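Participant: Quick one: the structure is below, and I'll ask about it shortly.
The values are calculated or read from the model by the stated rules, or taken from the named source; none is laboratory data. All figures in this text were calculated on a predicted structure; none of them were measured in a lab. Cβ placement follows ideal geometry from the backbone for every residue including glycine, while neighbour counts extend to all protein chains displayed. Quick note on the areas: whole protein, heavy atoms, side chains included, nothing else; ligands and nucleic acids left out. Shrake-Rupley method; radii C 1.70, N 1.55, O 1.52, S 1.80 Å.
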Amino acid sequence: IGVNVTDNLFIANVSFNITYPNNSVSGKYYLGNDTQFNRFNISYTIPRSAGIYNISFFANDTNGNSVWTTANFSVADTGVPNTTNATPVNDTKFDQGALIEIGINVTDKFFVANVSFNITYPNNSVSGTYYLLNDTQFNRYNISYTVPGSAGTYNISFFANDTKGNSIRTIANFT
């Protein structure tokens, strides 16, 4: 984040604050000038919250004169969540009545909203939707599941959504 500042005297200080998408305002950041040019800047890590960020720059010279100007930037969440480590592993075989884990790891640049799945049974009927919880500090969403008594291939469709509505579908199966 930076601004060019010039003055016919000497520049006393240059600072800025940010108004976040939720309308809260940051503290004041002071900008340094590490060159012989008139550029005052700082490295800034963009927060994990989508929306418009308004920056107000303030500059003062040694005579007490001041000026302010504004700029803004937008942060968009256009990426889908990332899914890995779906279980059971594809083409795994289980005995009828076995207790297995159905789960998946889900991460997102911003925040995961929900993770769910349904099962397409060997007769092509589809279960209801099961919502998975993340009960740990890790990104694992899972549930214990008892394998039904019907032999055949069970297809699991995992659905992961982030807080901006981006979604992904991942498929696993077992026999």
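Participant: With an 8 Å Cα cut-off and a minimum separation of 6 or more residues, compute the relative contact order for region 122-175 in percent. Please list the in-between numbers first.
Facilitator: Working: 46 pairs, mean separation 14.9, N = 54.
Averaging sequence separation for qualifying contacts and normalising by length gives 28 percent for region 122-175.
Participant: Still on this model: Keeping the other protein chains in place, figure out the carbon and sulfur percent of the accessible area of the chain, with a 1.4 Å probe. Intermediate results must be reported in sequence, preceding the final value.
Facilitator: Working: 5160 of 10580 Å².
Heavy-atom surface of the chain belonging to carbon and sulfur, 1.4 Å probe: 49 percent.
Participant: Still on this structure, please answer the following. Post the alpha-carbon centroid distance, region 1-32 to region 33-93, in whole angstrom.
Facilitator: 15
Participant: Can you tell me the order of 16-27, 138-149, 61-72 when each peptide is scored by its average per-residue count of other Cβ atoms within 10 angstrom, highest first?
Facilitator: Per-residue Cβ counts within 10 Å, averaged per peptide and sorted highest first, yield 138-149, 16-27, 61-72.
Participant: May I pose another question? Sequence neighbours fewer than 8 away in the same chain don't count; with that in mind, list the lysines whose C-alpha is under 28 Å from LYS28.
Facilitator: Cα-Cα hits under 28 Å: LYS109.
Participant: Same structure, new question: So what does the Cα-only Debye profile of the chain read at q = 0.09, 0.13, 0.18 Å⁻¹, as log10 I(q)/I(0), no solvent term?
Facilitator: Here the Debye-derived log intensity ratios amount to -0.53, -0.74, -1.07.
Participant: So, one more: What is the set of long-range amide H partners of ASN134 at a cut-off below 5 Å, with H atoms built 1.01 Å from backbone N?
Facilitator: none
Participant: Further, regarding this structure: Of the listed peptides 41-52, 109-120, what is their order by residue-averaged count of other C-beta atoms within 10 Å, with the highest listed first?
Facilitator: Going from most to least packed, we get 109-120, 41-52.
Participant: Would you work out the relative contact order for the chain, in percent, from Cα pairs under 8 angstrom that are 6 or more residues apart?
Facilitator: It comes to 19 percent, rounded to a whole number.
Participant: Could I ask something else about it? How much area per residue is accessible in the chain when the probe is 1.4 Å and only protein heavy atoms are counted (Å²)?
Facilitator: 60
Participant: Can you compute 3J(HN,Hα) from phi for each residue in region 68-83, using the Karplus curve 6.51 cos²θ - 1.76 cosθ + 1.60 with θ = phi - 60°, rounded to whole Hz and x for Gly and Pro?
Facilitator: Result, rounded to whole Hz: 9, 8, 10, 8, 8, 9, 10, 10, 10, 9, 10, x, 7, x, 9, 10.
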